[in-house]
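Enquirer: Starting off with a structure, shown below.
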Amino acid sequence: MPPYAGPSAHRSEEIAGTLRLLVALALAIALMVLDHRGGWLTAIRGQIEIVVQPLWRLAGLPAKLGDTVRDDASTRARLAKDNETLRNALLISSARIARLQTAAAENARLRGLLGAAEQGGLDVQLAPILDIALDPTRQRLVLDIGADQGVTQGQAAIDAGGLIGQVIDVRPTTATVLLLTDPDHAVPVAVSRNGIRLVAYGRGDRLELANIPTSSDVKVGDRIVTSGLGGRFPPGFPVGTITELRRDESRAFLVGDLKPAAQLDRGRDVLLLRRSRTAAVVPASATAADPANGPTVAPKSAAATATATTPATTEPVR
């Protein structure tokens, strides 16, 4: 074709394009009419869709994977949040249950204390424990009451199980109790079964009966109670139970181990026995335990000695 064509060349191209369009339209109309009457194109389209359907699924797979990942991430985040919420709720519930169990146990101990006082017709006062020292060389309790509440030196301390010890120091708002197991403590006792008199000594973490004659009728399992000798402790209060008997180093006497009747290592309150008479003042020079009168502990000061001789004035617990 020459580089320049005149108007006749352009017109012939337009006519050719128009003819091709008319032919295409005629074919389209013919196919539509045939399809409308015979439906054979519908079958062809069905076959083509069957062939193309895997391609459609493959093309839509990334979108489905993206939706699945988003759903899984959302579900996992929601489950993690729900688990954290449930875990916190479980911890709170466990803490509440622990507090309720502690309160129930404490109420049971208090009922036991007050029940023991009521059954025995004892004149006692309830004393909360402020501090405790339970090492092998120092067995003491510090009570949250003192001389202002009528506490006096020498008062016996008990719980629902039996004798705990005695008050050795009194301040205006606090008092110190020397436990039975303290190495400086000794208390005159008797075998409940036959009345044989002995002395129980503190050994730091246990009680011990010393110098038991080999001919004495003392057996493992015997209950030991206070004898009342010396007037320091009232008679008849449980002290412990004999768990073992053995010969001492001299082989002339027996030594017995006692399991304390009182719960010395637990509880938040004790009972202090009120006395009807003034306590005897312990000499300041006495520092060793006296088997007849129990432990002799020097007063901390003149004020403590004066306090120890003041009788209690508060009303008994009922």
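Enquirer: What is the residue count in region 173-207 for residues that are without any contact (Cβ under 8 Å) to a residue 24 or more places away in the chain and over 16 Å from Pro260 (Cβ atoms)?
Expert: Here the count works out to 3.
Enquirer: Hey, another quick one. Can you pull out every residue in region 199-234 that is surrounded by 19 or more Cβ atoms within 10 Å (Cβ to Cβ) and either more than 26 Å from Asp135 (Cα to Cα) or touching a Cys at 6+ places or on another chain (Cβ under 9 Å) (or both)?
Expert: Ile212, Val218, Asp222, Ser227
Enquirer: Here's something else I'd like to know. Here is a list: Leu134, Leu130. Which entry is in a strand (DSSP E or B), at pLDDT below 85 and assigned by TED's automatic domain parsing to the domain that holds Arg206?
Expert: Checking each option against the conditions leaves just Leu134.
The values are calculated or read from the model by the stated rules, or taken from the named source; none is laboratory data. In this text, all values refer to a predicted model and were calculated from it rather than measured experimentally. For neighbour counting, all protein chains shown are included, and Cβ atoms are generated from backbone atoms with ideal geometry for every residue, glycine included.
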